[in-house]
Amino acid sequence: MVKVQDFAKEHGVTDRAIQKHIQRHWQELHEHVHRRGKNGTWLDDQAQAFIESLMIQQPVIVSDRAVTEDNERLRAENERLRAEIERLNKRAEVLSDKLTESLEERTKLQALEVEAARTSGLLEAAQTERERLREDLAAATARAAEAEQRVQHLKNRSLWQRITREGEETP
């Protein structure tokens with residue numbers, strides 16, 4: 001024989017759960033359950049076997065308020081963390097898109113810098129060529145002015161100077 005309290009402890013349930021089984025199945029158990037004054041209720045071997053068979057068929061769920069509150073708190077925390085993870089995933093996606101755009105912009109800027117360097121080189125070459133052409137133009141203008149002066153000088157000679165070819169340079 002064993003006390004209800006000890007039987008409940010052995011099976012990891014509350015005394016109240018065992019008492020409910022006894023109440024529900026009183027007709028089958030009344031001969032095997034013994035009440036002994038203030039010492040409580042005792043179960044014989046047949047009562048123990050019968051209640052164990054009930055517990056196998058329908059496991060008794062022990063509900064503890066603290067455990068329930070912890071579970072609810074943890075569920076709420078889990079939901080909050082899932083929402084936070086979702087928010088962070090969206091933020092990461094936005095940042096990834098911005099990074100991709102930034103990398104594309106950087107690539108475009110690098111291409112523009114290469115083009116600018118090439119254009120700068122072409123510009124320097126064009127400026128050098130322009131300066132050379134200006135110098136050539138100045139020299140040609142000077143030679144043209146000199147030739148114009150020579151032509152004017154030759155035109156201003158007298159007929160005799162023209163015949164004798166006076167004032168002409170021999171080539």
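Could we say that Ile51 is under 30 Å from Ala8 (Cα atoms) and either surrounded by fewer than 10 Cβ atoms within 10 Å (Cβ to Cβ) or small (Gly, Ala, Ser) (or both) here? The answer is no for Ile51. I'd like to know if the stretch 61-80 contains one or more residues that are free of Cβ contacts under 8 Å to residues at least 24 places away in the same chain, among the basic types (Lys, Arg) and exposed (fewer than 10 other Cβ atoms within 10 Å of the Cβ). Looking through the stretch 61-80, at least one residue is free of Cβ contacts under 8 Å to residues at least 24 places away in the same chain, among the basic types (Lys, Arg) and exposed (fewer than 10 other Cβ atoms within 10 Å of the Cβ). Put simply, of Arg118, Arg165, Arg134, Arg87 the only residue that is part of a helix (DSSP H, G or I), among the charged types (D, E, K, R), surrounded by 10 or more Cβ atoms within 10 Å (Cβ to Cβ) and modelled with pLDDT under 95 is Arg118.
The values are calculated or read from the model by the stated rules, or taken from the named source; none is laboratory data. Worth saying up front: this structure is predicted, and the values here are computed from it rather than measured. Don't worry about glycine lacking a Cβ; one is built from the backbone with ideal geometry, like all the others, and counts go over all protein chains shown.
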